[in-house]
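Novice: Mind looking over this structure? Questions follow.
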Amino acid sequence: MASIDVEQSVTDVSDGDLTIRRPVTSKIILPTCECTDVHKKSILGVLLAIAIAMAWSAFTHITQNAYVDEFRAPFFLTYLCTIWLIPFYPVYFIINHIKGGQNPRLVFRESILIYADNDNIKKVKFMGKTFMFCFVWTLATFTYIKASSLLGAADITALQATNHSFVYMLSWIVLFEKFVAIRILALVFSITGIVLFAYVDGFGSEAMWGVVVAVASSAGAAVYRLLMKKFVGCTTVGQTSLFLSLIGFLHTACLWPIILLLYFTNVEVIIWSSLPWQWISPSILLFTVHQILVNFVVKITYPVFTGLGLAFGIPFCAIADTIWRYKEFTGMKIAALVLITLGLLLILLPDNWEEVVLRPFKCKNRRETAEPVSSNIRSRMHRTTNM
């Protein structure tokens, strides 16, 4: 609480009819608003959501600009983006050693526990988990970059947002998570939005196949998150850094023959002398920034803001498509965007959302029911005293 000093004048009259005004200082207590940890995390979360939306929107638009006649290679671009996951753990290791001064062996042991099963690390499970996550990661990233050459940025981002609904559906079926009716409604909204996208673009058209590829990317991202919940769980910054670095290293070491195969079979068009580095380089940078925000910065706030960042990204991409690409959105496509966004927001609601919404009304009902009780007691007392 804060206080301010206010001067008040008090008039005293003496015997000689002399009026004296003597100033008196009084304090008025003003209410203050204290910023708790919850408020700080929420503010940081909103800023994080905006940063995620901007990074993801910019990455999508710049990736679309990279597709020119001399460059049609989404898998090659996926390969380049994933390479930059490798430095995550070395950078974390160096920073932690400089600031914390901890024993490097202890730091590595704590990080490798992400693969431990009852404090034991088996080589087969270690390699199996890494290969599995690397495959799903590559599939989800490749299909998203591929879809960016077939659809607008707002369409791809909206379809990518449906992965939260898929995660809940898979978690409910596979992990037997709690049934929440409103999330089933969110899943219905997401599926309806996907169908509307396919219907607007026309069945059998190139854009419709873009919807299929984008939905495949969303499903791949959902499977990746489900596997993380099932086999990994909550992780520290060091464990997350090691996990991503291993995925990047395995991806780089094992998948380069696929690039050569796609190149020599003319499936992907790459002219090495005229690569559009002016678009490829910022695309890789924004992809790396997005991974840092989603995997590391989110640990200082609440995970729900990563989904909120994707919800912010949908209108950001729609505005960018309208201004820079002169795209026009029909009524049905706007309806699809709204339905998917609404489904995403419903998925992000907590399990006890109805208690939070109905809490003010419950307090009001208690106050209303308290008055008749007090009045009944008073009437009984009145009758008792009259007797």
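The values are calculated or read from the model by the stated rules, or taken from the named source; none is laboratory data. Predicted, not measured: the structure shown is a model, and the values here were computed from it. Reconstructed Cβ throughout: ideal geometry from the backbone, glycine too, with neighbour counts over all protein chains shown. For accessibility, only protein heavy atoms count, side chains too; no ligands or nucleic acids. Shrake-Rupley method; radii C 1.70, N 1.55, O 1.52, S 1.80 Å.
Novice: In the stretch 246-353, which chymotrypsin sites (Phe, Trp or Tyr not before Pro) are in a loop and have at most 11 other Cβ atoms within 10 Å, using DSSP for the loop call?
Specialist: 326
Novice: Let's test the formula: R0 of 22 Å, r as the Cβ-Cβ distance of residue 277 and residue 319. What FRET efficiency results, to the nearest 0.05?
Specialist: Computed FRET efficiency for residue 277 and residue 319 comes out at 0.20.
Novice: Taking the Cα centre of the stretch 67-139 as origin, sum charge times position over the Cβ atoms of Lys and Arg (+1) and Asp and Glu (-1), and report the length of that vector in debye to the nearest 20.
Specialist: Magnitude of the dipole: close to 340 debye.
Novice: Tell me the Rg and the Dmax, in Å, that the Cα atoms of the stretch 63-210 produce.
Specialist: Looking at the stretch 63-210, its Cα Rg and Dmax stand at 20.7, 60 Å.
Novice: For the stretch 67-202, give the magnitude of the charge dipole about the Cα centre (Cβ charges: +1 Lys/Arg, -1 Asp/Glu; no others), in debye to the nearest 20.
Specialist: Magnitude of the dipole: close to 600 debye.
Novice: How long, wide and thick is the stretch 128-190, going by the Cα atoms along their three principal axes, in whole angstroms, largest first?
Specialist: Answer, in whole Å and largest first: 37, 35, 9 Å.
Novice: Here is a further query. Roughly how much of residue 188 is accessible, in Å² to the nearest 10, using a 1.4 Å probe?
Specialist: Near enough 80 Å² of accessible area.
Novice: Tell me, what is the 1.4 Å probe accessible area of residue 69, in Å² to the nearest 10?
Specialist: Estimated to the nearest 10 Å², residue 69 gives 130 Å².
Novice: What's the carbon and sulfur percent of the stretch 276-344's accessible surface, probe 1.4 angstrom, rounded to a whole number?
Specialist: Reported share for carbon and sulfur atoms: 76 percent.
Novice: So for the stretch 41-185, averaging the separation of alpha carbon pairs under 8 Å that are six or more residues apart and normalising by length, what relative contact order in percent results?
Specialist: RCO, the stretch 41-185: 31 percent.
Novice: Right, here's the next one. Measure off 7 Å from each Cα along the Cα-to-Cβ vector at residue 103 and residue 330, then give the distance between these two points in nanometres to one decimal.
Specialist: 6.7
Novice: What is the Cα centroid distance between the stretch 60-119 and the stretch 273-312, reported in whole angstrom?
Specialist: Centre-to-centre distance over Cα atoms comes out at 12 Å.
Novice: Which one, 262, 187, 176, is farthest towards the positive end of the dipole of the stretch 161-270 when Lys and Arg carry +1 and Asp and Glu -1 on their Cβ?
Specialist: 176
Novice: Same structure again: Say the cut-off is 32 Å between C-alpha atoms; which of 178/299; 41/333; 41/178; 41/99; 129/299; 123/299 go over it?
Specialist: 41/333
Novice: Still on this structure, please answer the following. Would you mind working out the accessible area per residue for the stretch 265-348, using a 1.4 Å probe, and quoting it in Å²?
Specialist: Value returned for the stretch 265-348: 52 Å² of accessible area per residue.
Novice: Would you work out which of 164, 54, 73 lies farthest towards the positive end of the dipole of the stretch 46-195, given +1 charges on the beta-carbon of Lys and Arg and -1 on that of Asp and Glu, about the Cα centre?
Specialist: It is 164.
Novice: Determine how large the accessible area of residue 109 is when every protein chain is in place; take a 1.4 Å probe and give Å² rounded to the nearest 10.
Specialist: Around 150 Å² of this residue is reachable by solvent.
Novice: Suppose we take every Cα in the stretch 169-298 and form the convex hull; what volume per residue is that in Å³?
Specialist: It is 183 Å³ per residue.
Novice: To continue, here is another question. Quick one: pull the percent of accessible area on the stretch 151-265 belonging to carbon and sulfur, 1.4 Å probe, ligands and nucleic acids left out.
Specialist: 77
Novice: Continuing with the same structure: Treating the beta-carbon of each Lys and Arg as +1 and of each Asp and Glu as -1, no other charges, what is the dipole magnitude of the stretch 139-241 about its Cα centre, to the nearest 20 debye?
Specialist: Charge dipole, the stretch 139-241, about its Cα centre: 440 debye, nearest 20.
Novice: Can you tell me the mean projection area, over all orientations, of the convex hull of the stretch 35-113's alpha carbons? Units nm², please.
Specialist: 8.6
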